[in-house]
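Down below is the structure, laid out as C-alpha cells.
The values are calculated or read from the model by the stated rules, or taken from the named source; none is laboratory data. In this text, all values refer to a predicted model and were calculated from it rather than measured experimentally. For neighbour counting, all protein chains shown are included, and Cβ atoms are generated from backbone atoms with ideal geometry for every residue, glycine included.
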Amino acid sequence: MSDVVVDVRNVSKVFSHDDVELVALDQASLQIRAGDFFCLMGPSGSGKSTLLNLIAGIDRPTSGTVTVLGAEISSMSEDDLAAWRNRYLGFVFQQFNLIPVLTAFENVELPLLLTRLNKARRREHAEAALRLVGLEDRMSHYPRQLSGGQEQRAAIARALVIDPTLILADEPTGDLDARSAEEVLEVMERLNRQFGKTIVMVTHDPRAAAHATVVVQLEKGKLREAASVPGAASRPVVPAPQ
C-alpha cells in the first residue's frame, strides 16, 4: 500500500555474547501507515527498543527485511543510512541528549548545520520549531535552566527542525514526572493530529500509550495485539507474505 511508511517482514534479531544467544526479536512483522501515532508497548527486555533501532537503521536484523519510506534500509550502506536518517528521521530519546553548553535555540539549530541553509534560514526554522513546542520564551535558556519537561520539548523541537517524515521516540516520558510527561505527550499528539506527523513511540506506560492511535504489544520478542488502551486502537500483527 502506498500509505505504508514502515514495513517490517519476518524480522529476527539475535545478540550473541560468550557463546550465549539472546533472541531479542522473533519473526516480527508489522506495518505502520502515514499519519499513525504508533505505539510499541512492552516491559523492559521485550525487544521494543531493538525494533525501534531497526526501523531507524541504527541496527540491522539477523534475518528478515525492514523497509522504511520505500527504502530497504536493512541492506543500505552505513554512509547511505546516515544521509537517509539526516533527511527523513527525527529522534526523541528518554534522556534528552541536549548539549549543556548550548542554549535551547543552539541545540535545536544543531541538525541544520549539516544542511545548506544559511544562518537566517536556520534561525527561522529553529525558532519555528521552538514555538511549535511552546518554548518561544525559553530560546536563550541553557538546559540547566529548563525543567525536565521543557528539556524534552526542546529535544522534540530539535527532532522537528529538519521537518522529518517520521519521528521515532524511545520512552520519551520515562524520566519525567506525571505533569511534565503529559505536557510532552500533548505536544506529540498535536504534531500527529494537527500536522500529520507519523510517530513511532516505544513505552511501557499505558498512560503514554493512550495518546497513540495504534498500539501493538511486544512480549519476549514476539508481536501481539495490544490489550485495550483507552483512546487508542490495537492493530493486528501483520503477517508477512510467504
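Numbers for the structure displayed
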{"quantity": "Single residue of the range 182-217 satisfying the filter (among the hydroxyl-bearing types (Ser, Thr, Tyr) and touching a Ser or Thr at 6+ places or on another chain (Cβ under 8 Å)) that is modelled with the highest pLDDT", "calculated": "THR198"}
{"quantity": "Given (1) over 17 Å from the mean Cα position of the chain (by Cα); (2) buried (at least 16 other Cβ atoms within 10 Å of the Cβ); (3) part of a loop (DSSP other than H, G, I, E, B), number of the condition PHE96 does not satisfy", "calculated": "(1)"}
{"quantity": "Close pairs (7 angstrom Cβ cut-off, 6 or more residues apart or separate chains): more than 19 Å from LEU81 (Cα to Cα) in the range 42-54, part of a loop (DSSP other than H, G, I, E, B) and of a type in the set (D, E, K, R) anywhere", "calculated": "SER46/LYS220"}
{"quantity": "Which numbered condition PRO111 misses (of (1) touching a helix residue (DSSP H, G or I) at 6+ places or on another chain (Cβ under 6 Å); (2) crowded, with 17+ Cβ neighbours inside 10 Å)", "calculated": "(1)"}
{"quantity": "Count - residues of the range 59-93 that are of a type in the set (Gly, Ala, Ser), under 25 Å from LEU22 (Cα atoms) and crowded, with 19+ Cβ neighbours inside 10 Å", "calculated": "1"}
{"quantity": "Among the residues listed as GLU106, GLU136, the single one being over 21 Å from MET188 (Cβ atoms), in contact with a helix residue (DSSP H, G or I) (Cβ under 9 Å, 6 or more places away or on another chain) and surrounded by fewer than 20 Cβ atoms within 10 Å (Cβ to Cβ)", "calculated": "GLU106"}
{"quantity": "One residue from MET41, MET76 being among the aliphatic types (A, V, I, L, M), farther than 27 Å from ARG193 by Cβ and at pLDDT below 95", "calculated": "MET76"}
{"quantity": "Subset of the range 119-132 (residues that are at pLDDT 95 or above and either part of a loop (DSSP other than H, G, I, E, B) or not basic (Lys, Arg) (or both))", "calculated": "ALA120, GLU124, HIS125, ALA126, GLU127, ALA128, ALA129, LEU130"}
{"quantity": "Residue among ASP177, ASP163 that alone is surrounded by fewer than 21 Cβ atoms within 10 Å (Cβ to Cβ) and at positive phi", "calculated": "ASP163"}
{"quantity": "Test: residue in the range 61-68 that is at pLDDT below 90, more than 13 Å from ALA159 (Cα to Cα) and within 21 Å of the chain's Cα centre (by Cα)", "calculated": "no"}
{"quantity": "Unmet criterion (only one of (1) charged (D, E, K, R); (2) over 18 Å from GLN194 (Cα atoms); (3) buried (at least 17 other Cβ atoms within 10 Å of the Cβ)) for ARG144", "calculated": "(3)"}
{"quantity": "Residue, surrounded by the fewest Cβ atoms within 10 Å (Cβ to Cβ), within the range 1-58, restricted to residues that are among the charged types (D, E, K, R) and touching a Ser or Thr at 6+ places or on another chain (Cβ under 6 Å)", "calculated": "ASP26"}
{"quantity": "Residues satisfying the stated conditions in the range 141-155, i.e. under 22 Å from the mean Cα position of the chain (by Cα) and in a helix (DSSP H, G or I)", "calculated": "PRO143, GLY148, GLY149, GLN150, GLU151, GLN152, ARG153, ALA154, ALA155"}
{"quantity": "In the range 35-87, the residues that are within 27 Å of ASP205 (Cα to Cα) and assigned to a strand (DSSP E or B)", "calculated": "PHE37, PHE38, CYS39, LEU40, MET41, VAL66, VAL68"}
{"quantity": "Given (1) in a loop (DSSP other than H, G, I, E, B); (2) touching a strand residue (DSSP E or B) at 6+ places or on another chain (Cβ under 6 Å), number of the condition GLY196 does not satisfy", "calculated": "(2)"}
{"quantity": "Condition check for ARG144: out of contact with any Leu (no Cβ under 8 Å at 6 or more places or on another chain), touching a residue at least 24 places away in the same chain (Cβ under 8 Å), of a type in the set (D, E, K, R) and more than 20 Å from HIS211 (Cα to Cα)", "calculated": "yes"}
